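Presented below is the structure to which this report refers.
The values are calculated or read from the model by the stated rules, or taken from the named source; none is laboratory data. Given the structure is predicted, the values throughout are model-derived calculations rather than measurements. Quick reminder, even Gly has a Cβ in these numbers, built from the backbone with ideal geometry, and neighbours come from all protein chains shown. Please note that ligands, DNA and RNA were not included when accessible areas were found on the heavy atoms of the full protein model with its side chains. Shrake-Rupley method; radii C 1.70, N 1.55, O 1.52, S 1.80 Å.
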Amino acid sequence: MDAVVSYVDRAVDQMMEIVTGLGDDLANRKPALPGANSPYAILRHCLGVMEFWGGEVVAGREVIRDRPAEFRSQGPVADLAAAAHKALDQFRADAGTADFAGPTRGGAGHQKHPDELEFASQGHTLLHVLEEVTQHLGQLELTRDVLRAAAAPG
């Protein structure tokens, strides 16, 4: 459990560094690619992933999530960094309640079918959070590179 949480921490910390390093302007821009998301929205989405999967599916508390709004979100990066720190604290607490081999405690109303791998156990759910944040860290790294290249003079 501690290993999963430490890798999630590291990935989210790296995402925060990227977003804050871009500043408010670039962090809120979308690359000129079909279906692309801004760095701000990518990180906001990851916070939603942690909240839903860690909070509802593992810890069993009701989470109201507006997933489409995560991808439309924008704002000051300092506020997002503060939200990320808070989300990491909550994820650590949620993961601390987990029985790695135990059944999930919520999430039955989610789009995925309850027989999906993410619902096989609380451990599977936590690994899904790790899968999502590391996948989106890579997406965020590429998004940063594309935005910086597009903003570079000449």
>> Condition check: part of a helix (DSSP H, G or I), closer than 25 Å to Ala27 by Cβ and under 17 Å from the mean Cα position of the chain (by Cα). Does Gln74 satisfy that?
In response: no
> Restricting attention to the range 51-66, and to residues there that are among the small types (Gly, Ala, Ser) and without any contact (Cβ under 8 Å) to a residue 60 or more places away in the chain, which single residue is surrounded by the most Cβ atoms within 10 Å (Cβ to Cβ)?
Replying inline: Gly55
> Quick one: would you say Ala69 is more than 30 Å from Asp99 (Cβ to Cβ), assigned to a helix (DSSP H, G or I), among the aliphatic types (A, V, I, L, M) and open to solvent by 20 Å² or more (accessible area, probe 1.4 Å)?
Replying inline: yes
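Which one of these is at pLDDT 95 or above, outside any loop (DSSP other than H, G, I, E, B) and either of a type in the set (Ser, Thr, Tyr) or open to solvent by 60 Å² or more (accessible area, probe 1.4 Å) (or both): Ala83, Ala149, Ala95? First the steps, then the outcome.
Numbers: Ala83 fails: either of a type in the set (Ser, Thr, Tyr) or open to solvent by 60 Å² or more (accessible area, probe 1.4 Å) (or both); Ala95 fails: either of a type in the set (Ser, Thr, Tyr) or open to solvent by 60 Å² or more (accessible area, probe 1.4 Å) (or both).
After ruling out the rest, the residue left standing is Ala149.
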>> Yes or no: the range 105-122 includes at least one residue that is in contact with a Ser or Thr (Cβ under 9 Å, 6 or more places away or on another chain), open to solvent by less than 20 Å² (accessible area, probe 1.4 Å) and not small (Gly, Ala, Ser).
In response: yes
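Can you pull out every residue in the range 16-31 that is in contact with a helix residue (DSSP H, G or I) (Cβ under 7 Å, 6 or more places away or on another chain) and under 13 Å from Asp145 (Cα atoms)?
Just the residues of the range 16-31 that are in contact with a helix residue (DSSP H, G or I) (Cβ under 7 Å, 6 or more places away or on another chain), to begin with: 16, 18-20, 22-24, 26-29, 31.
Across the range 16-31, the qualifying residues are Ile18, Val19, Leu22, Leu26, Ala27, Arg29, Pro31.
Looking only at residues that are open to solvent by 60 Å² or more (accessible area, probe 1.4 Å) and in contact (Cβ under 8 Å) with a residue 40 or more places away in the chain in the range 14-50, which one is farthest from Val129 (Cα to Cα)?
Initial filter on the range 14-50 (open to solvent by 60 Å² or more (accessible area, probe 1.4 Å)): 14, 17, 20, 24-25, 29-30, 32-35, 44.
So of that shortlist, the ones also in contact (Cβ under 8 Å) with a residue 40 or more places away in the chain come out as 14, 20, 24, 29, 32-33.
Numbers: Gln14: 15, Thr20: 22, Asp24: 26, Arg29: 25, Ala32: 28, Leu33: 26 Å.
Per the criteria, the residue is Ala32.
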